[in-house]
Every structure is written in C-alpha cells, then in structure tokens.
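Structure, as structure tokens:
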Amino acid sequence: MTLKLPRTPSFRLDGRTALVVGASSGIGQAAAVALAQAGAQVVLAARSIDRLELTVATLKELGLEASALALDVGDVEAMEARLSSLPAFDILVNSAGLARHGPALETTFADFDAVASINLRGAYFLTRSVARRLIEAGKPGSLINISSQMAHVGGIDRAVYSATKHAVEGFTKSMAIEWGGYGIRVNTICPTFIRTPLAEQTFSNPERVRWIEEKIKLGRIGELEDIMGPVTFLASDASAMITGTALMVDGGWTAG
Ligand code: NAP
C-alpha cells in the first residue's frame, strides 16, 4: 500500500514577473538577484538608471531575465501613471527607503516630510498601484514591503524612521484584509541592521555599533544574503497562506 503524502509547494518563480523597487542598491538589489535566480522575470526600478543597468547587465550575463525601469516613488502621480501603462506584476518587492536619523527634539519638518514621503506615502501608493493592475487583470499576486525591525520596536534617534515603518505594518494588514478575496497577499520583511549605504551613518558611530552587537542575539550583523531566502519564500507558493503579517529577519532583536 502506498500513502498519498503531501508535496512541498514550490519555491520556484518560473513564469512570474516581479517588480523590485529600490533595486539600485543594498537589500533591493539582493532581492532582485534572489527573484531572478528563482526563475522570475525581474524589472529593477529606482531613480539611478545607470546603477540599475549595470546590475541588469550582470544578471543577463548569468543567463537570468532582467530589465531596468526609472521610477521615483517620491512622485506618486508619475509613478502611478507609469505603472498603469505596464502589464500587471505577479510580485512586488518595495525596498525604496530613506533614513534621516537624529534626536526627536531636533527633527525638522523637512526631514520628517522627506522620510514619510518615501517610506510611507511612496510605499503605500506603490503597493496600491501594483494591486490595482493585478485586480484589473484578475490575477493573484504577492506584494512585499521591506519594512524594518524598527516597525516593531523603537530606537534611539529613530522616531521618524520608526513611525514610518510602523505605519507600513498598518497599511499592510489593512490591504491584506481588503485584497485577500482577489488572491493578493501583502506582507512585510523586517530586517535588522545590514551594512548598506542607508545604514552607513549608524555604523560610523562606535556607540551605536556596540548597541547593535548587544541587541542581535545571533551575535552578528545582518548580511544581504539573509534577506534573499525570506524574499523568495514570501514571493512563492511556499507561503500561499501567509498574508497581512511581518517576517522578522532580526537575529532575535525583537525577541527580548
Ligand atoms: P540603500 O542601499 O540605501 O538602498 C535604498 C534604495 O532605495 C536605493 O535603491 C534607492 O535608489 C532607493 N530609493 C530611494 N529613494 C527612492 C525614490 N524616491 N524612488 C525610488 N527609489 C528610491 O538602503 P537599504 O539598506 O538597501 O534599504 C532598503 C530598505 O530596507 C529601506 O526601506 C530600509 O528602510 C530598509 N531597511 C534597511 C536596513 C539596513 O540596516 N540597511 C534595516 C532594516 C530595514 P535610488 O537612489 O537609485 O533611487
């Protein structure tokens, strides 16, 4: 007698299209590589078209499918118009982000608006633009925002940054509820500190580096590779029942 055993769902993304915003650097670039390696056709987007094209050329040399798209999430109207002219993407990874850290007592109106404009307003309308096209096309999808561990805890000098990331968690849950019936999943990935241009200011301060090393229970700073598996998982059918939630990639920071 043979048993009918369950089959592990596929982590592969062959035949899927993915938009990765913030793909010119850091976590977004790593996410684009991960999705392309899993078989997706990836569109890499950001403002710096030269950096995107260099990554695209390298991916193509590896036999992977990729193209570049100039996109500014700070100009939500132009962004919506551009995305409404493109076919629906099965997968979105939004890694566009900005940090202007400093004491809350000294936050300027300009810094508040700049960070909120990219991390919250841009992320919100980008997620909505991609969902809209999916709904028009009658297709399911997986939408992922790169949030932060600072979406779940506070941090010194991080009142504005942390506020915008907490807000991303809020719209993620609400959108997941609204779009579940269309088969559109909405989730976040919440990384701990990773050495990228965005985190340079923090890593240049020895006091902050001691804070980071003390808080990450696994005893090391995050690497770009730590995000690549979680991105592939959330994009794929392996996470088919996961929506409206946050995947912590924080080495245990928020556990204690
Ligand atoms: P990064 O290397 O500085 O990359 C930021 C990306 O955002 C770049 O590709 C940049 O591209 C893009 N971007 C910024 N403004 C944009 C705009 N107006 N329109 C389109 N793209 C824009 O930073 P990262 O560390 O990879 O950060 C990626 C995400 O991870 C951010 O949301 C950040 O908050 C989050 N995160 C980072 C860490 C960390 O420790 N590094 C930890 C937790 C969460 P262009 O300049 O070419 O437009």
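The values are calculated or read from the model by the stated rules, or taken from the named source; none is laboratory data. Note that this is a predicted model, so its numbers are computed, not measured. Glycine also receives a Cβ, built like all others from the backbone with ideal geometry; neighbour counts cover every protein chain displayed. What goes into the accessible areas is simple: the full protein's heavy atoms, side chains included, and nothing from ligands, DNA or RNA. Shrake-Rupley method; radii C 1.70, N 1.55, O 1.52, S 1.80 Å.
So which residues in segment 212-226 are farther than 21 Å from GLY28 by Cβ and not acidic (Asp, Glu)? First the steps, then the outcome.
Within segment 212-226, the subset farther than 21 Å from GLY28 by Cβ is 212-220.
Correct list: ILE212, LYS215, ILE216, LYS217, LEU218, GLY219, ARG220.
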The lone exception for ASP50 - which of (1) of a type outside the set (Val, Ile, Thr); (2) closer than 30 Å to ASP237 by Cβ; (3) within 16 Å of the ligand (Cβ to nearest atom) it fails | (2)
Members of segment 94-104 found to be open to solvent by 30 Å² or more (accessible area, probe 1.4 Å) and within 10 Å of the ligand (Cβ to nearest atom), listed by number | GLY97, LEU98
On the given criteria, is ARG12 touching a Gly at 6+ places or on another chain (Cβ under 7 Å) and among the basic types (Lys, Arg)?
-> yes
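Here's a check for you: in segment 58-78, which residue that is away from the ligand (no atom under 16 Å from the Cβ) and of a type outside the set (D, E, K, R) is least open to solvent (accessible area, probe 1.4 Å)? Break it down stepwise before answering.
From segment 58-78, those away from the ligand (no atom under 16 Å from the Cβ) are 60-65; that's our starting set.
Add one more test, that the residue is of a type outside the set (D, E, K, R), and what stays is 62-64.
Working: LEU62: 118, GLY63: 64, LEU64: 38 Å².
In this case the residue turns out to be LEU64.
Go over the candidates ILE91, ILE184 one by one and state the one that is closer than 21 Å to LEU71 by Cα, away from the ligand (no atom under 13 Å from the Cβ) and of a type in the set (A, V, I, L, M).
Values: ILE184 fails: closer than 21 Å to LEU71 by Cα.
Selected residue: ILE91, the only one of ILE91, ILE184 that is closer than 21 Å to LEU71 by Cα, away from the ligand (no atom under 13 Å from the Cβ) and of a type in the set (A, V, I, L, M).
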Does ALA114 satisfy the condition of being near the ligand (Cβ under 10 Å from one of its atoms) and on the phi < 0 side of the Ramachandran plot?
-> yes
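Can you confirm whether ALA81 is hydrophobic (A, V, I, L, M, F, W, C), open to solvent by 50 Å² or more (accessible area, probe 1.4 Å) and more than 8 Å from the ligand (Cβ to nearest atom)?
Details: hydrophobic (A, V, I, L, M, F, W, C): yes; open to solvent by 50 Å² or more (accessible area, probe 1.4 Å): yes; more than 8 Å from the ligand (Cβ to nearest atom): yes.
Answer is yes for this residue.
Regarding ALA31, is this residue under 16 Å from the mean Cα position of the chain (by Cα), more than 11 Å from the ligand (Cβ to nearest atom) and within 19 Å of ALA238 (Cβ to Cβ)? Show your work before the answer.
Working: under 16 Å from the mean Cα position of the chain (by Cα): yes; more than 11 Å from the ligand (Cβ to nearest atom): no; within 19 Å of ALA238 (Cβ to Cβ): yes.
Against the criterion (under 16 Å from the mean Cα position of the chain (by Cα), more than 11 Å from the ligand (Cβ to nearest atom) and within 19 Å of ALA238 (Cβ to Cβ)), ALA31 does not qualify.
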If we only count helices (runs of 4 or more DSSP H) wholly inside segment 1-95, which ones have 1 or more residues that are over 24 Å from GLU136 (Cα atoms)?
-> 26-37, 49-61
Which residues, taken from segment 1-28, are within 16 Å of the ligand (Cβ to nearest atom) and either closer than 22 Å to ARG133 by Cβ or hydroxyl-bearing (Ser, Thr, Tyr) (or both)?
-> ALA18, LEU19, VAL20, VAL21, GLY22, ALA23, SER24, SER25, GLY28
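What is the residue count in segment 196-213 for residues that are open to solvent by 70 Å² or more (accessible area, probe 1.4 Å) and more than 15 Å from MET150 (Cα to Cα)?
8
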Of those in segment 131-149 that are surrounded by fewer than 24 Cβ atoms within 10 Å (Cβ to Cβ) and hydrophobic (A, V, I, L, M, F, W, C), the residue nearest to the ligand (Cβ to nearest atom) is ALA131
Report yes if THR107 is of a type in the set (S, T, N, Q), more than 30 Å from GLY219 (Cα to Cα) and open to solvent by 40 Å² or more (accessible area, probe 1.4 Å), otherwise no.
-> yes
Across (1) open to solvent by less than 50 Å² (accessible area, probe 1.4 Å); (2) under 15 Å from the mean Cα position of the chain (by Cα); (3) within 13 Å of the ligand (Cβ to nearest atom), LEU247 clears everything bar (1)
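Just for helices (runs of 4 or more DSSP H) wholly inside segment 138-222: which have at least 1 residues that are farther than 17 Å from VAL115 by Cα, touching a Phe, Trp or Tyr at 6+ places or on another chain (Cβ under 8 Å) and not polar (S, T, N, Q)?
On the way: elements: 159-179, 200-203, 206-215.
Here the list reads 200-203, 206-215.
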